[in-house]
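Worksheet: one structure, shown below.
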Amino acid sequence: VDVPSCFVGLILENCELPHANHGHVIIADPSPILFYPISSTEIRCLVDVPGQKVPSVSNGEMAHYLKTTVAPQIPPQLYTAFITAVNKGNIRTMTNRSMPAAPQPTPGALLLGDAFNMRHPLTGGGMTVALSDIVLLRDLLRPLHNLHDASALCRYLESFYTLRKPVASTINTLAGALYKVFSASADKAREEMREACFDYLSLGGAFSEGPISLLSGLNPHPISLVLHFFAVAIYGVGRLLLPFPSPTRIWTGARLISGASGIIFPIIRAEGVRQMFFPATMPAYYRAPPVD
């Protein structure tokens, strides 16, 4: 289990989001801040703090960090409500975990949800993956009339681990990649990648609908994810080279492509290249249900 960061949670009251009824991602330093409505009068704020430890809430370090480091980056519409929430002191912390699915087939048992597979919660994809897994499992169990042969059932349900990969791995990879892209970096190439990602999504049309359909699970095709991710990188290189390329800009562009590869390929490797892109080649893909 990898622990990339922690979330610090607050409830903001009686304020308006810049765009009503939408979730907001603030691309802040050192990492993103989330805002989304949870009632007609309340907004949940999740401040991402990189690393496995956060400033102490009990001795006031957390309040000081939120007021001095985070608050100046908050949209003006939310600033007063944010400071009020910090002063109230009802601050919660949660560890963010990432864990690729590593099946251990066991007769009589099947893991689902975060017990089996976790990704950074930046995109809120965990419930989408869990519900997708449940629908798939329902369809696999539908033709069965006898669940008493645990060994035969276990061998059959190994196909579940393969069939779930297109949806799960797409959402997992995008969540991990976006978190790394949206986190601040001293590397000029990484900062260019972050700006390129924001501008790419701002183009609208297929440039925003494509990534949104991927993270929502509506487009469970890993190859689309890879194409959009490198389209962002190429778009970033184009921004650097136009109107007049220079040796420094060319070098930064080359490091941008290299950095993009360094972000996405390790995540894909952890998910399993064959299972992710070629699930039909897996033996369990063709497994038939046990005969009564």
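The values are calculated or read from the model by the stated rules, or taken from the named source; none is laboratory data. Everything numeric in this text was worked out from a predicted model, so none of it was measured. Using ideal geometry, Cβ is built from the backbone for each residue, glycine included, and neighbour counts are taken over all protein chains shown. The accessibility values were calculated without ligands, DNA or RNA, using every heavy atom of the protein model including side chains. Shrake-Rupley method; radii C 1.70, N 1.55, O 1.52, S 1.80 Å.
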Restricting attention to the stretch 182-196, which residues are in contact (Cβ under 8 Å) with a residue 24 or more places away in the chain and either charged (D, E, K, R) or crowded, with 23+ Cβ neighbours inside 10 Å (or both)? D187, K188, R190, E192, M193, R194, E195, A196
Residue among A288, A254 that alone is surrounded by 12 or more Cβ atoms within 10 Å (Cβ to Cβ), over 23 Å from N172 (Cα atoms) and of a type outside the set (K, R): A254
What residue, of A280, A196, is modelled with pLDDT under 90, assigned to a helix (DSSP H, G or I) and not acidic (D, E)? A280
Touching a residue at least 40 places away in the same chain (Cβ under 8 Å), assigned to a helix (DSSP H, G or I), open to solvent by 10 Å² or more (accessible area, probe 1.4 Å) and hydroxyl-bearing (S, T, Y) - does that describe any residue in the stretch 168-176? no
(1) at pLDDT below 95; (2) under 22 Å from A184 (Cβ atoms); (3) open to solvent by 50 Å² or more (accessible area, probe 1.4 Å): which one isn't true of K88, the others all being true? (2)
Being surrounded by 12 or more Cβ atoms within 10 Å (Cβ to Cβ) and of a type outside the set (A, V, I, L, M, F, W, C) is the filter here; which residues of the stretch 61-76 pass it? E61, H64, Y65, K67, T69, Q73, P75
What residue, among those in the stretch 218-251 that are of a type in the set (F, W, Y) and within 25 Å of L174 (Cβ to Cβ), is surrounded by the fewest Cβ atoms within 10 Å (Cβ to Cβ)? F230
Among the residues of the stretch 124-134, which ones are open to solvent by less than 30 Å² (accessible area, probe 1.4 Å) and more than 10 Å from V167 (Cβ to Cβ)? G126, A130
Taking the options L111, L46, name whichever one is loosely packed, with under 15 Cβ neighbours inside 10 Å and closer than 27 Å to A270 by Cβ. L111
